[in-house]
């Protein structure tokens with residue numbers, strides 16, 4: 001990749017003014033002041049508002065909200081994030097929860113506003129700073145201190161396997177030739193991967209440029225815990241490096257992953273390959289489904305990501 005990374009925007013994000021009046025009234029009552037300004041932020045996978053707000057008092061917060069009317073699945077992700085944020089310890093590299101609202105239809109989260117922008121992961125110094133924080137957090141969250149009892153990454157991989165194995169013939173014809181030639185073998189690798197991903201850590205599982213902020217002083221903050229769940233401690237650092245998955249640089253970084261000890265380090269190189277494969281092929285299948293409500297660009301995002309991931313998987317499998 002070259003040039004700065006532009007945060008993805010797959011949803012038709014609305015401004016804060018679009019939330020029901022009851023949500024805005026709650027915000028001002030909860031925060032103790034009138035909202036003087038609200039600046040909508042770009043990027044992300046939600047059709048709901050995400051805004052930096054300033055009260056008349058000058059206090060600053062970050063607010064994101066969504067209603068089932070915008071997308072029926074996203075409120076569940078917000079509720080999951082809320083449960084996680086209530087348990088995670090307060091540290092400098094995570095935005096702290098300030099308040100939350102849930103009336104059964106609309107969910108809103110208020111967090112500390114982070115003075116910063118999305119990092120350019122193609123800049124080596126920036127990437128090093130982000131990596132240090134991701135690695136520190138992985139150690140902090142091993143063993144898993146959250147323990148919410150939600151499905152693990154292993155369970156997610158089994159769901160991906162089912163998605164690909166059950167793909168309709170018309171979709172299968174659009175998959176790469178090398179996949180179709182070795183489909184039975186590769187599906188077996190994905191199924192066995194679910195048994196090779198120990199749930200030793202609480203993992204963010206959505207480490208991308210648009211879920212990261214870098215302050216003016218260079219410090220990094222990780223945001224958006226809607227996809228988080230138990231998994232191996234190395235996985236967030238691998239996800240961070242997926243922007244280089246088509247390059248041997250990715251292989252070098254996988255080889256340089258720290259040892260965490262325990263079951264997670266056994267066969268890690270093959271597990272990384274199969275994780276890239278599983279994610280890439282499942283996205284390729286899902287990209288041909290109907291666009292979810294409020295997320296009109298999700299299909300194109302999935303297609304672009306799947307192509308890149310499958311190039312990386314094919315290279316690591318030696319079939320490119």
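Read the figures in this text as sums done on the coordinates, not as results from a lab. It should be emphasised that the depicted structure is a prediction, and the values quoted were computed from it without experimental measurement. No Cβ is skipped: glycine too gets one built from the backbone with ideal geometry, and neighbour counts run over all protein chains shown.
Laid out as a table, the results:
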quantity	calculated
Residue 123/residue 59 FRET efficiency (R0 22 Å; Cβ-Cβ; nearest 0.05)	0.10
For segment 48-197, convex hull volume per residue from C-alpha positions, Å³	196
Segment 28-68 - Rg (one decimal) and Dmax (whole number), Cα, Å	11.0, 32
MRE, 222 nm, helices only [DSSP H, n ≥ 4, -39500 (n - 2.57), over the chain, to nearest 500]	-12000 deg cm²/dmol
The chain: mean projected area of Cα convex hull, nm²	16.1
Extension gain (nm, one decimal) between residue 304 and residue 159, 0.36 nm per residue minus Cα-Cα	50.1 nm
Two-site FRET efficiency, residue 270 against residue 42, from Cβ-Cβ distance with R₀ of 30 Å, rounded to 0.05	0.20
Principal axis box of segment 1-128, alpha-carbon based, largest edge first, Å	45, 33, 30
In degrees, nearest ten, helix 153-165 long axis to first principal axis of the chain (Cα)	60
FRET efficiency, 1/(1 + (r/R0)^6) with R0 41 Å, evaluated for residue 249 and residue 68 via beta carbons	0.45
Residues of segment 109-133 with amide N under 13 Å of a point placed 7 Å along Cα→Cβ from residue 98	109-115
All Cα pairs of segment 120-225, percent lying beyond 20 Å	57
Computed P(r) (all Cα pairs; segment 189-320; 5 Å bins; percent)	2, 10, 17, 21, 22, 16, 8, 4, 1
Ordering of 209-219, 39-49 by burial proxy (mean other Cβ atoms within 10 Å per residue, highest first)	39-49, 209-219
Rounded tilt (10° steps) of 183-193 against the dominant C-alpha axis of the chain	50
Cα-based equivalent ellipsoid of segment 10-52: semi-axis lengths in Å, sorted from largest, via gyration tensor	21, 11, 7
For segment 24-92, alpha-carbon Rg relative to the globular expectation (2.2 N^0.38 Å, N residues)	1.22
Extension gain (nm, one decimal) between residue 83 and residue 105, 0.36 nm per residue minus Cα-Cα	6.2 nm
